[in-house]
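The values are calculated or read from the model by the stated rules, or taken from the named source; none is laboratory data. Quick caveat: nothing in here was measured; it's all calculated off a predicted structure. All Cβ positions, even for glycine, are placed from backbone atoms using ideal geometry, and neighbour counts span all protein chains on display. To get the accessible areas, we keep the full protein, side chains included, count just its heavy atoms, and leave off ligands, DNA and RNA. Shrake-Rupley method; radii C 1.70, N 1.55, O 1.52, S 1.80 Å.
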Amino acid sequence: MYPTWQQFLALMGLFAVPGVLRVVGMEIFTSNEVEALNGTEVRLKCTFKSKHPVSHSSVAVSWNFRPLSQGAEESVFYYQETAYPPTEGRFKGHAVWSGDILRQDASISLHEVPFTFNGTYTCQVRNLPDVHGINGEVILRVVHKVSISDIGILAAAIGGTIAIVLVLLGLFMVFKYYNRHANTDMELQGRKLQETRELQERELQVRVLQERELQANILQEKKLKASEKERKDPTVW
(Lines give C-alpha, C1' and ligand atoms only; values in the text may rest on other atoms or scores of the structure.)
Protein backbone atom coordinates (compact mmCIF):
# COMPACT_ATOMS: atom_id res chain seq x y z
CA MET A 1 0.00 0.00 0.00
CA TYR A 2 1.51 3.35 -1.00
CA PRO A 3 1.67 6.26 1.49
CA THR A 4 -1.13 8.81 1.83
CA TRP A 5 -0.66 12.50 1.13
CA GLN A 6 -0.89 13.20 4.84
CA GLN A 7 2.08 10.92 5.45
CA PHE A 8 3.90 12.46 2.55
CA LEU A 9 3.36 16.01 3.84
CA ALA A 10 4.46 14.93 7.29
CA LEU A 11 7.65 13.66 5.76
CA MET A 12 8.15 17.08 4.23
CA GLY A 13 8.32 18.56 7.70
CA LEU A 14 11.64 16.82 8.26
CA PHE A 15 13.14 19.08 5.64
CA ALA A 16 11.83 22.35 7.11
CA VAL A 17 14.31 24.79 8.60
CA PRO A 18 13.21 26.13 12.05
CA GLY A 19 12.05 29.75 11.91
CA VAL A 20 12.03 29.84 8.10
CA LEU A 21 8.91 29.36 5.96
CA ARG A 22 9.92 27.87 2.62
CA VAL A 23 7.03 27.76 0.17
CA VAL A 24 7.96 26.85 -3.38
CA GLY A 25 5.15 26.24 -5.85
CA MET A 26 5.03 23.40 -8.35
CA GLU A 27 3.75 24.20 -11.83
CA ILE A 28 1.51 21.51 -13.30
CA PHE A 29 0.14 21.49 -16.83
CA THR A 30 -2.73 19.32 -18.12
CA SER A 31 -5.24 19.29 -20.95
CA ASN A 32 -8.53 20.89 -19.98
CA GLU A 33 -10.74 18.30 -21.64
CA VAL A 34 -10.16 15.01 -23.47
CA GLU A 35 -12.54 12.85 -25.49
CA ALA A 36 -12.14 9.10 -25.90
CA LEU A 37 -14.09 6.60 -27.92
CA ASN A 38 -15.77 3.91 -25.84
CA GLY A 39 -13.51 0.85 -25.49
CA THR A 40 -10.34 2.56 -26.75
CA GLU A 41 -7.19 3.86 -25.08
CA VAL A 42 -6.65 7.45 -23.96
CA ARG A 43 -3.60 9.22 -22.54
CA LEU A 44 -4.11 11.72 -19.74
CA LYS A 45 -1.22 14.12 -20.15
CA CYS A 46 0.31 15.83 -17.13
CA THR A 47 3.65 17.67 -17.13
CA PHE A 48 5.27 19.71 -14.40
CA LYS A 49 8.00 22.21 -13.63
CA SER A 50 10.05 22.42 -10.45
CA LYS A 51 12.81 24.76 -9.36
CA HIS A 52 14.59 21.87 -7.70
CA PRO A 53 16.40 18.92 -9.32
CA VAL A 54 14.12 16.14 -10.41
CA SER A 55 14.86 12.49 -9.65
CA HIS A 56 12.89 9.27 -9.34
CA SER A 57 13.27 9.28 -5.57
CA SER A 58 12.26 12.93 -5.04
CA VAL A 59 9.09 12.99 -7.16
CA ALA A 60 5.73 11.53 -6.16
CA VAL A 61 2.74 11.48 -8.51
CA SER A 62 -0.86 10.79 -7.55
CA TRP A 63 -3.86 10.58 -9.88
CA ASN A 64 -7.39 10.75 -8.44
CA PHE A 65 -10.83 10.52 -10.02
CA ARG A 66 -14.08 12.34 -9.30
CA PRO A 67 -17.18 11.13 -11.24
CA LEU A 68 -19.46 13.58 -13.02
CA SER A 69 -22.32 12.42 -10.86
CA GLN A 70 -22.26 12.53 -7.09
CA GLY A 71 -19.64 10.20 -5.68
CA ALA A 72 -16.54 9.93 -3.54
CA GLU A 73 -13.10 10.64 -4.95
CA GLU A 74 -11.22 7.51 -6.00
CA SER A 75 -7.52 6.75 -6.38
CA VAL A 76 -6.48 6.02 -9.96
CA PHE A 77 -2.70 5.70 -9.87
CA TYR A 78 0.35 6.38 -7.71
CA TYR A 79 4.01 6.64 -8.72
CA GLN A 80 7.17 7.09 -6.67
CA GLU A 81 10.31 5.43 -7.99
CA THR A 82 8.04 2.72 -9.34
CA ALA A 83 4.46 2.46 -10.57
CA TYR A 84 1.65 1.48 -8.17
CA PRO A 85 -1.38 0.69 -10.35
CA PRO A 86 -4.72 0.18 -8.58
CA THR A 87 -5.34 -3.32 -7.22
CA GLU A 88 -9.09 -2.86 -6.84
CA GLY A 89 -11.94 -0.65 -7.99
CA ARG A 90 -13.05 0.48 -11.44
CA PHE A 91 -9.53 1.33 -12.63
CA LYS A 92 -7.97 -2.07 -11.86
CA GLY A 93 -6.33 -3.38 -15.04
CA HIS A 94 -7.06 -0.15 -16.91
CA ALA A 95 -4.54 2.41 -15.62
CA VAL A 96 -0.88 2.23 -16.68
CA TRP A 97 2.09 4.58 -16.31
CA SER A 98 3.07 6.42 -19.52
CA GLY A 99 5.17 9.26 -18.12
CA ASP A 100 8.87 9.97 -17.67
CA ILE A 101 9.89 11.62 -14.41
CA LEU A 102 13.29 12.80 -15.68
CA ARG A 103 11.48 14.58 -18.51
CA GLN A 104 8.99 16.05 -16.04
CA ASP A 105 6.16 13.99 -17.47
CA ALA A 106 3.63 12.44 -15.07
CA SER A 107 1.12 11.16 -17.62
CA ILE A 108 -0.90 7.95 -17.40
CA SER A 109 -2.94 5.97 -19.93
CA LEU A 110 -6.32 4.32 -19.54
CA HIS A 111 -7.06 1.17 -21.55
CA GLU A 112 -10.47 0.06 -22.82
CA VAL A 113 -12.28 3.02 -21.29
CA PRO A 114 -15.98 2.49 -20.48
CA PHE A 115 -18.60 5.20 -19.93
CA THR A 116 -18.09 4.89 -16.16
CA PHE A 117 -14.73 6.63 -16.64
CA ASN A 118 -16.47 9.92 -17.39
CA GLY A 119 -15.33 12.47 -14.84
CA THR A 120 -12.57 14.74 -13.59
CA TYR A 121 -9.03 13.43 -13.11
CA THR A 122 -6.66 15.25 -10.78
CA CYS A 123 -2.89 15.11 -11.26
CA GLN A 124 -0.87 15.84 -8.12
CA VAL A 125 2.91 16.13 -8.34
CA ARG A 126 5.33 16.84 -5.51
CA ASN A 127 9.10 17.19 -5.80
CA LEU A 128 11.01 17.55 -2.53
CA PRO A 129 11.13 20.20 -1.22
CA ASP A 130 8.44 21.54 -3.61
CA VAL A 131 5.27 20.40 -1.88
CA HIS A 132 2.93 23.26 -2.72
CA GLY A 133 1.16 24.09 -5.94
CA ILE A 134 -2.15 23.90 -7.75
CA ASN A 135 -3.08 20.43 -8.97
CA GLY A 136 -3.83 19.83 -12.63
CA GLU A 137 -7.27 18.65 -13.76
CA VAL A 138 -8.41 16.79 -16.87
CA ILE A 139 -12.06 16.21 -17.76
CA LEU A 140 -12.53 12.94 -19.62
CA ARG A 141 -15.60 12.39 -21.76
CA VAL A 142 -16.13 8.86 -23.06
CA VAL A 143 -18.37 8.99 -26.13
CA HIS A 144 -19.79 6.72 -28.82
CA LYS A 145 -18.19 8.83 -31.55
CA VAL A 146 -15.36 11.31 -31.19
CA SER A 147 -16.48 14.81 -32.14
CA ILE A 148 -14.43 17.02 -34.44
CA SER A 149 -12.90 19.87 -32.46
CA ASP A 150 -12.04 23.29 -33.80
CA ILE A 151 -8.41 22.22 -33.91
CA GLY A 152 -9.39 19.16 -35.90
CA ILE A 153 -11.36 21.28 -38.35
CA LEU A 154 -8.44 23.69 -38.67
CA ALA A 155 -6.01 20.80 -39.16
CA ALA A 156 -8.30 19.29 -41.82
CA ALA A 157 -8.57 22.65 -43.58
CA ILE A 158 -4.80 23.13 -43.52
CA GLY A 159 -4.28 19.57 -44.71
CA GLY A 160 -6.77 20.07 -47.54
CA THR A 161 -5.09 23.31 -48.58
CA ILE A 162 -1.68 21.66 -48.58
CA ALA A 163 -3.08 18.78 -50.64
CA ILE A 164 -4.55 21.20 -53.20
CA VAL A 165 -1.26 23.10 -53.41
CA LEU A 166 0.64 19.84 -53.92
CA VAL A 167 -1.79 18.75 -56.65
CA LEU A 168 -1.47 22.12 -58.42
CA LEU A 169 2.31 21.97 -58.07
CA GLY A 170 2.29 18.46 -59.51
CA LEU A 171 0.15 19.56 -62.46
CA PHE A 172 2.45 22.53 -63.04
CA MET A 173 5.51 20.27 -63.05
CA VAL A 174 3.81 17.81 -65.44
CA PHE A 175 2.77 20.67 -67.75
CA LYS A 176 6.26 22.12 -67.62
CA TYR A 177 7.77 18.72 -68.38
CA TYR A 178 5.54 18.07 -71.38
CA ASN A 179 5.84 21.66 -72.57
CA ARG A 180 9.62 21.43 -72.46
CA HIS A 181 9.57 18.16 -74.38
CA ALA A 182 7.06 19.61 -76.84
CA ASN A 183 9.34 22.60 -77.43
CA THR A 184 12.26 20.23 -77.85
CA ASP A 185 10.32 18.17 -80.40
CA MET A 186 9.33 21.32 -82.27
CA GLU A 187 12.94 22.46 -82.33
CA LEU A 188 14.03 19.06 -83.67
CA GLN A 189 11.31 19.13 -86.30
CA GLY A 190 12.31 22.68 -87.25
CA ARG A 191 15.94 21.64 -87.58
CA LYS A 192 15.03 18.62 -89.70
CA LEU A 193 12.83 20.78 -91.93
CA GLN A 194 15.61 23.34 -92.31
CA GLU A 195 18.13 20.63 -93.12
CA THR A 196 15.70 19.16 -95.70
CA ARG A 197 15.25 22.55 -97.33
CA GLU A 198 18.98 23.15 -97.43
CA LEU A 199 19.53 19.71 -98.96
CA GLN A 200 16.86 20.36 -101.61
CA GLU A 201 18.42 23.73 -102.42
CA ARG A 202 21.85 22.15 -102.82
CA GLU A 203 20.41 19.43 -105.05
CA LEU A 204 18.64 22.09 -107.17
CA GLN A 205 21.86 24.08 -107.48
CA VAL A 206 23.70 20.94 -108.57
CA ARG A 207 21.02 20.20 -111.21
CA VAL A 208 21.15 23.77 -112.53
CA LEU A 209 24.92 23.57 -112.82
CA GLN A 210 24.69 20.20 -114.54
CA GLU A 211 22.11 21.54 -117.04
CA ARG A 212 24.23 24.63 -117.76
CA GLU A 213 27.26 22.44 -118.26
CA LEU A 214 25.26 20.14 -120.55
CA GLN A 215 23.98 23.09 -122.61
CA ALA A 216 27.49 24.50 -122.84
CA ASN A 217 28.78 21.15 -124.11
CA ILE A 218 25.98 20.88 -126.68
CA LEU A 219 26.71 24.41 -127.92
CA GLN A 220 30.41 23.63 -128.11
CA GLU A 221 29.73 20.49 -130.15
CA LYS A 222 27.51 22.46 -132.55
CA LYS A 223 30.27 25.01 -133.05
CA LEU A 224 32.83 22.26 -133.70
CA LYS A 225 30.55 20.55 -136.25
CA ALA A 226 29.91 23.86 -138.03
CA SER A 227 33.65 24.55 -138.21
CA GLU A 228 34.40 21.10 -139.65
CA LYS A 229 31.66 21.49 -142.26
CA GLU A 230 33.08 24.82 -143.38
CA ARG A 231 36.53 23.31 -143.82
CA LYS A 232 35.20 20.41 -145.88
CA ASP A 233 32.89 22.54 -148.11
CA PRO A 234 34.46 25.98 -148.78
CA THR A 235 31.46 27.04 -150.89
CA VAL A 236 29.29 27.05 -147.83
CA TRP A 237 28.87 30.59 -146.60
Next item on the list: Starting from the Cα of PHE115, move 7 Å in the Cα-to-Cβ direction to define the label point; list residues of the range 62-82 whose amide nitrogen is under 17 Å from there.
Entry: 67-70
Next item on the list: For the range 75-119, just the Cα atoms, rotate onto the principal axes and tell me the three extents in Å, largest first.
Entry: 33, 18, 15
Item checked: Cleavage-rule hits (trypsin sites (Lys or Arg not before Pro)) in the range 31-88: DSSP loop, at most 11 neighbouring Cβ within 10 angstrom -> LYS51
Check: Considering the zone a paramagnetic label at GLU41 would reach in this model (a point 7 Å from Cα along the Cα-to-Cβ line), which residues of the range 78-119 have amide N under 13 Å from it?
Finding: 94-99, 108-113
Check: What do you reckon, how do ASP105, ASP185, ASP130 stack up by accessible area (1.4 Å probe), largest on top?
Finding: ASP185, ASP105, ASP130
Check: How much length is gained on full extension from THR87 to SER55, taking 0.36 nm per residue of separation minus their Cα-Cα distance?
Finding: 8.9 nm
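So if each residue of separation counts as 0.36 nm, and I subtract the Cα-Cα distance between ILE139 and TYR177, what length gain in nm does that give?
On the way: separation 38, 0.36 × 38 = 13.68 nm, distance 5.44 nm.
This chain segment gains 8.2 nm when fully extended.
Can you give the Kirkwood hydrodynamic radius of the range 40-97 from its Cα pairs, in Å with one decimal?
On the way: mean 1/r = 0.0759 Å⁻¹.
Kirkwood hydrodynamic radius for the range 40-97: 13.2 Å.
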Check: By the scheme Lys and Arg +1, Asp and Glu -1, what is the net charge of all other residues having a beta-carbon under 13 Å from that of VAL143?
Finding: 0
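Filter the GluC sites (Glu not before Pro) in the range 51-135 to those in DSSP coil with at most 10 other Cβ atoms within 10 Å of their Cβ, and list the result. Before the final figure, lay out the partial values.
Numbers: sites: GLU73, GLU74, GLU81, GLU88, GLU112; in loops: GLU73, GLU81, GLU88, GLU112.
Answer in residue order: GLU88.
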